[in-house]
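Student: My questions all concern the structure below.
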Amino acid sequence: MMHQTEFPPDLLTQPSAVRLKYFEGKVITHPHLKETYQQLWQAIQRPTGASLIFVYGPTGVGKTTLRYRLEQRLWEAGQSVAEQNPGHIPVAGVEVAVADADSFRWRDYYKRALTALDEPMIDHKTMPKHIRQKEIAPKWEKGYKVTSDLRWALEQTLIHRQPAAFIVDEAQHFKRITSGRRLLDQMDTIKSLANLSGITHVLIGTYELLSFAHLSAQLDRRSCEIHFPRYHVDTTEEMLAFKRILLTFQSHLPLKDEPDLVTQAEYFYERSVGCVGVLKDWLTRSLAETLEDGQETLTKATLERQALPTRKLLRMAREIREGEETLIADSRAQSELRSLLGIPVESTQNHSSNSSRKVGKRNPVRDLVGNHEQVT
């Protein structure tokens with residue numbers, strides 16, 4: 001092929017494990033990642049911004065990569081403060097775990113959060129008696145006293161550490177409870193932690209987070225929503241960006257013969273449901289098999305073996321469509337809002353029809369794809 005590969009040439013002489021690690025560490029700064037990252041960074045930097053920031057999108061769209069990039073920049077930005085104040089942590093985060101009984105436990109969450117904030121002696125935290133009387137912990141949690149102590153300790157640690165943001169990944173797992181009322185209580189607890197500590201909480205997850213953000217008007221007022229979309233095959237600009245992503249990936253595959261992925265863009269789009277994270281994982285698995293078998297390039301047979309089963313892709317596509325339809329419904333709610341406020345609806349119908357776009361479709365812009373960096 002005439003296209004120039006971008007990996008170091010001497011990588012071809014390295015062991016398979018080294019070559020695979022090289023590709024695993026490559027991150028493509030593609031348009032949707034860049035745009036979502038900029039929105040999130042700006043939301044965190046606003047001095048009077050939301051106490052809760054919801055970032056939602058499809059499974060495999062690249063939310064974990066987004067989190068790593070954000071954490072890296074916040075660490076770099078807060079390094080000077082950390083040097084002057086050893087107790088300061090520029091950013092911290094936790095992944096919400098689900099218990100064996102498929103339910104959420106606050107005690108486990110508090111312990112994980114305190115560990116992420118490098119807090120010592122977690123199992124020996126005790127709330128002062130005059131604070132305990134306020135009963136700030138969730139009353140439904142078994143071991144209420146222990147949970148109260150941990151909740152108070154987390155609040156104080158956040159105040160002491162002063163991170164620019166506390167990131168909660170896989171936040172949809174908060175939903176592993178038995179009733180809608182308790183789900184509102186869950187979000188009220190997180191909101192209270194953010195408000196009392198003064199630390200912005202970033203909740204990252206799937207489209208299930210949409211139901212969290214709309215639990216109450218008070219939560220709406222204190223929160224901000226950011227959508228991390230997939231690429232759309234029926235949008236020219238987005239499909240062009242997807243092809244550029246493919247081109248960048250193929251040029252970084254450390255193989256003797258560079259495969260031609262771009263000419264099969266529709267096939268790769270279908271088997272990744274338009275999500276870059278799904279695409280990257282698929283190519284990584286295929287590269288691992290190729291290197292293990294001593295082949296010189298990716299083959300269609302290898303790609304087929306390593307692709308996700310159609311039933312899984314179909315389930316992902318359905319979840320994506322449901323999430324996008326929810327967003328479309330939200331965008332059409334302007335007429336109801338104006339009606340409730342007593343504003344004539346007709347005055348905005350023409351404007352709405354002229355300015356409406358697909359969910360995830362951006363204004364036409366020429367993006368440069370292929371800027372990449374090593375994840376550390």
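The values are calculated or read from the model by the stated rules, or taken from the named source; none is laboratory data. Please read these numbers as outputs of a predicted model, since none were measured by experiment. Neighbour counts are summed over all protein chains in view; Cβ atoms, including those assigned to glycine, are modelled from backbone coordinates with ideal geometry.
Student: With respect to THR310, is the statement that it is in contact with an Asp or Glu (Cβ under 7 Å, 6 or more places away or on another chain) and within 28 Å of GLU208 (Cβ to Cβ) true?
Tutor: no
Student: Would you point out the residue of the range 95-110, among those that are over 14 Å from GLN172 (Cβ atoms), modelled with pLDDT of 80 or more and of a type in the set (D, E, K, R), that is surrounded by the fewest Cβ atoms within 10 Å (Cβ to Cβ)?
Tutor: Within the range 95-110, the match that is surrounded by the fewest Cβ atoms within 10 Å (Cβ to Cβ) is ASP108.
Student: Of everything in the range 113-131, what is at pLDDT 65 or above, surrounded by fewer than 17 Cβ atoms within 10 Å (Cβ to Cβ) and either under 21 Å from GLN186 (Cα atoms) or of a type in the set (Lys, Arg) (or both)? Give them in sequence order.
Tutor: If the condition is that a residue be at pLDDT 65 or above, surrounded by fewer than 17 Cβ atoms within 10 Å (Cβ to Cβ) and either under 21 Å from GLN186 (Cα atoms) or of a type in the set (Lys, Arg) (or both), then THR115 is the only one that fits.
Student: So the check is Cβ under 6 Å with 6+ separation or different chains; which pairs have a first residue in the range 320-331 that's surrounded by fewer than 16 Cβ atoms within 10 Å (Cβ to Cβ) and a second one that's of a type in the set (A, V, I, L, M, F, W, C) and not in a helix (DSSP H, G or I)?
Tutor: These pairs meet every condition: ILE328/VAL359.
Student: Can you name the residue in the range 289-319 that is in a helix (DSSP H, G or I) and among the aliphatic types (A, V, I, L, M) and, of all such residues, is surrounded by the fewest Cβ atoms within 10 Å (Cβ to Cβ)?
Tutor: ALA301
Student: Evaluate the range 61-72: report whether one residue or more is without any contact (Cβ under 8 Å) to a residue 24 or more places away in the chain, farther than 17 Å from THR206 by Cβ and among the basic types (Lys, Arg).
Tutor: Checking the range 61-72: not a single residue is without any contact (Cβ under 8 Å) to a residue 24 or more places away in the chain, farther than 17 Å from THR206 by Cβ and among the basic types (Lys, Arg).
Student: Now a separate question. Can you list residue pairs whose Cβ atoms sit under 6 Å apart, with the first residue in the range 21-45 being more than 21 Å from GLY274 (Cβ to Cβ) and the second being not in a helix (DSSP H, G or I)? Count only pairs 6 or more apart in sequence or on different chains.
Tutor: TYR22/PRO254; GLY25/GLN374; GLY25/VAL375; ALA43/GLY49; ALA43/ILE53; ALA43/CYS224; ILE44/ALA165; ILE44/THR200
Student: How many of the residues making up the range 157-183 are surrounded by 15 or more Cβ atoms within 10 Å (Cβ to Cβ), aliphatic (A, V, I, L, M) and without any contact (Cβ under 8 Å) to a residue 60 or more places away in the chain?
Tutor: 2
Student: Still on this model: When residues of the range 43-71 are filtered for being in contact with an Asp or Glu (Cβ under 9 Å, 6 or more places away or on another chain) and of a type outside the set (A, V, I, L, M), how many remain?
Tutor: Going through the range 43-71 one residue at a time, the tally reaches 9.
Student: Any idea which of LEU219, LEU246 is at pLDDT 95 or above, under 24 Å from the mean Cα position of the chain (by Cα) and outside any strand (DSSP E or B)?
Tutor: LEU246
Student: Next question, about the same structure. Can you pull out every residue in the range 25-68 that is more than 26 Å from LEU253 (Cα to Cα) and part of a strand (DSSP E or B)?
Tutor: LEU52, ILE53, PHE54, VAL55, TYR56
Student: Out of the residues in the range 132-176 meeting the condition of being at pLDDT 60 or above and in a loop (DSSP other than H, G, I, E, B), tell me which one is farthest from TYR56 (Cα to Cα). First the steps, then the outcome.
Tutor: If we filter the range 132-176 for residues that are at pLDDT 60 or above, which is where we start, we get 146-176.
Then drop every residue that is not in a loop (DSSP other than H, G, I, E, B), which leaves 162-164, 170, 176.
On the way: GLN162: 25, PRO163: 22, ALA164: 20, GLU170: 10, ARG176: 17 Å.
Looking at residues that are at pLDDT 60 or above and in a loop (DSSP other than H, G, I, E, B), I get GLN162.
Student: Name the single residue that is farthest from the chain's Cα centre (by Cα) among those in the range 55-87 being basic (Lys, Arg) and under 19 Å from TYR231 (Cβ atoms).
Tutor: ARG69
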